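Reading through the structure tokens given below for one structure.
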Amino acid sequence: MSGFVIKGWCPSALRPMLSGDGLVVRIRPPMARLTTAQAQGIACAALRHGSGLIDLTARANLQLRGIRPAAHLALLDDLDALELLDNDEAQTPNLTVSPFWTADHWHALATTVTNLLNSPDNSLLPAKFGVSLDLDEAMVLQAVSSDIRIEWHPKGWLIRPDGFASGCVVQGQGQAVTALRRLLAWFRHHGIANRRGRMADLKGRTLPDGFDHAMSAVSHDPIPGPHPLGYLVGLQFGQIRAETLAEIAVCAMRITPWRMILLEGCHTAPVQTGPAHNAPAQTGLITDPADPILRVTACTGAPGCPQGQQPTRDLARILAPQVPPGQHLHISGCAKGCAHPAAADVTLCGTSEGFDLIRNGRAGDPPLGRYDAATTLFKAV
């Protein structure tokens, strides 16, 4: 199996990452929300300075693809004018907020957590370290990558380390800061080596005193369709053309970690542009929750990713109708498995010779054999 390089960090605006199609520049919208002007400005910048392709990440960020190196500084000027230039050259930890936030305490707690993560004590946290805020009873972020989870609890908020089924119950920001500081200090002591390490790697260790309250809620899986705050639109493989983004930016939007965009105030299925703030019907937008493409995860693959051994997305479109409801197919261009680090029912992992077939595992796990067009991926139901 071909090797790959783990870079240990994610791109940002000030520190882009070179890929097979140019620079990848990441934007972290505050509270995962874009105004109409910001969304339209991003679309214009993606076309002016790059390929016009925009990815949604698994932590509710945006990535502009194919940015020309000579245009990077001009892009930064555009993002600064849109108030979207994240001063993240030092790779500060990521905060993922449920896109369904409604109350002011979400903003206040998000600001408090961000300031704590950016404090000198936490300057050596791993670059991919993250915290999630999931404060509604209908929680939605348990499957999203995070090292510390701040979740709804009947008695307040539960601050829980990822990989553990218990945490510390707090009431209000003061108690939350105290518990977070204790948990971060515990992680810094046990879990960091050369700015690497994740909280789940410490599973089985004894947690600090007070982190013994069990989880009390079940996470929900959002699907495309109407939502009390608007309308959720799915994107094929989490990617959208800049032209499409500009057309659906008739209202504010929230970026989600599930390859979907929440269109605020849009309460009907996307149709052609009209006076009622409805999104246009565009190639790549998904409004049917039963669309089989939602059951497939596929990374950029070759040639867009320099580590990709095989193209992925054309094959994903061909195979999607074979994936039964409730099952998941992951097609990875290499053994790194960036698009879906967890296990899938079936994983096809690209190599220099084709695709390895893995069942109930991750890209890079030992394969059962080689995939070809005659392979039966899923048993008939």
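The set of residues in the range 101-142 that are among the aromatic types (Phe, Trp, Tyr) and surrounded by fewer than 21 Cβ atoms within 10 Å (Cβ to Cβ) contains only Trp106.
Restricting attention to the range 282-313, the residues that are assigned to a loop (DSSP other than H, G, I, E, B), in contact with a strand residue (DSSP E or B) (Cβ under 7 Å, 6 or more places away or on another chain) and without any contact (Cβ under 8 Å) to a residue 40 or more places away in the chain add up to 1.
Go through the range 319-345 and count every residue that is open to solvent by less than 50 Å² (accessible area, probe 1.4 Å) and closer than 17 Å to Gln236 by Cβ. If you could, list the steps in order and put the result at the bottom.
The first filter runs over the range 319-345 and keeps only residues open to solvent by less than 50 Å² (accessible area, probe 1.4 Å), leaving 319-320, 323-324, 328-335, 337, 339-340, 344-345.
Filter again for closer than 17 Å to Gln236 by Cβ, leaving 319-320, 323, 328-333, 339-340.
Of the residues in that region, 11 qualify.
Within the range 261-270, if we keep just the residues that are closer than 17 Å to Asp291 by Cβ and surrounded by fewer than 23 Cβ atoms within 10 Å (Cβ to Cβ), the residue that is modelled with the lowest pLDDT turns out to be Pro270. For Ala316, work out the one condition from (1) crowded, with 22+ Cβ neighbours inside 10 Å; (2) modelled with pLDDT of 95 or more; (3) part of a loop (DSSP other than H, G, I, E, B) it doesn't fulfil. Going through (1) crowded, with 22+ Cβ neighbours inside 10 Å; (2) modelled with pLDDT of 95 or more; (3) part of a loop (DSSP other than H, G, I, E, B) one by one, Ala316 breaks only (3).
Taking strands (runs of 3 or more DSSP E) that do not extend beyond the range 319-368, which have at least 1 residues that are in contact (Cβ under 8 Å) with a residue 12 or more places away in the chain, over 20 Å from Ala58 (Cα atoms) and under 23 Å from the mean Cα position of the chain (by Cα)? Because the criterion is at least 1 residues that are in contact (Cβ under 8 Å) with a residue 12 or more places away in the chain, over 20 Å from Ala58 (Cα atoms) and under 23 Å from the mean Cα position of the chain (by Cα), the strands (runs of 3 or more DSSP E) in the range 319-368 that meet it are 344-351, 354-361.
One residue stands out in the range 43-59 among those that are of a type in the set (A, V, I, L, M, F, W, C) and open to solvent by less than 10 Å² (accessible area, probe 1.4 Å): the one that is nearest to Ala81 (Cα to Cα), namely Ala45. Looking only at residues in the range 213-263 that are free of Cβ contacts under 8 Å to residues at least 60 places away in the same chain and touching a Cys at 6+ places or on another chain (Cβ under 7 Å), the one that is farthest from Pro311 (Cα to Cα) is Gly230.
The set of residues in the range 13-29 being touching a Ser or Thr at 6+ places or on another chain (Cβ under 9 Å), of a type in the set (Gly, Ala, Ser) and surrounded by 21 or more Cβ atoms within 10 Å (Cβ to Cβ) consists of Gly22 alone. In this structure, Pro208 does satisfy being open to solvent by 10 Å² or more (accessible area, probe 1.4 Å) and modelled with pLDDT of 95 or more.
Among the residues of the range 187-246, those that are within 23 Å of Gln63 (Cα to Cα) and out of contact with any Pro (no Cβ under 9 Å at 6 or more places or on another chain) comprise Leu235, Gln236, Phe237, Gly238, Gln239, Ile240, Arg241, Ala242, Glu243, Leu245, Ala246.
Inspection of the range 172-179 identifies at least one residue that is without any contact (Cβ under 8 Å) to a residue 60 or more places away in the chain, surrounded by 17 or more Cβ atoms within 10 Å (Cβ to Cβ) and either charged (D, E, K, R) or within 13 Å of Leu116 (Cβ to Cβ) (or both). Residues in the range 49-59 include none that are at pLDDT below 95, within 24 Å of Pro222 (Cβ to Cβ) and not in a loop (DSSP other than H, G, I, E, B).
Would a scan of the range 30-42 turn up a residue that is of a type in the set (Ser, Thr, Tyr) and open to solvent by less than 20 Å² (accessible area, probe 1.4 Å)?
Step one: list which residues in the range 30-42 are of a type in the set (Ser, Thr, Tyr), which gives 35-36.
Retained after the next criterion (residues that are open to solvent by less than 20 Å² (accessible area, probe 1.4 Å)): none.
No: the range 30-42 contains no residue that is of a type in the set (Ser, Thr, Tyr) and open to solvent by less than 20 Å² (accessible area, probe 1.4 Å).
The values are calculated or read from the model by the stated rules, or taken from the named source; none is laboratory data. Since we're looking at a predicted model, the values are computed, not measured. Methodologically, a virtual Cβ is constructed for each residue, glycine included, from the backbone with ideal geometry; neighbour enumeration extends over all protein chains shown. Accessible surface areas use protein heavy atoms only, side chains included; no ligands, DNA or RNA. Shrake-Rupley method; radii C 1.70, N 1.55, O 1.52, S 1.80 Å.
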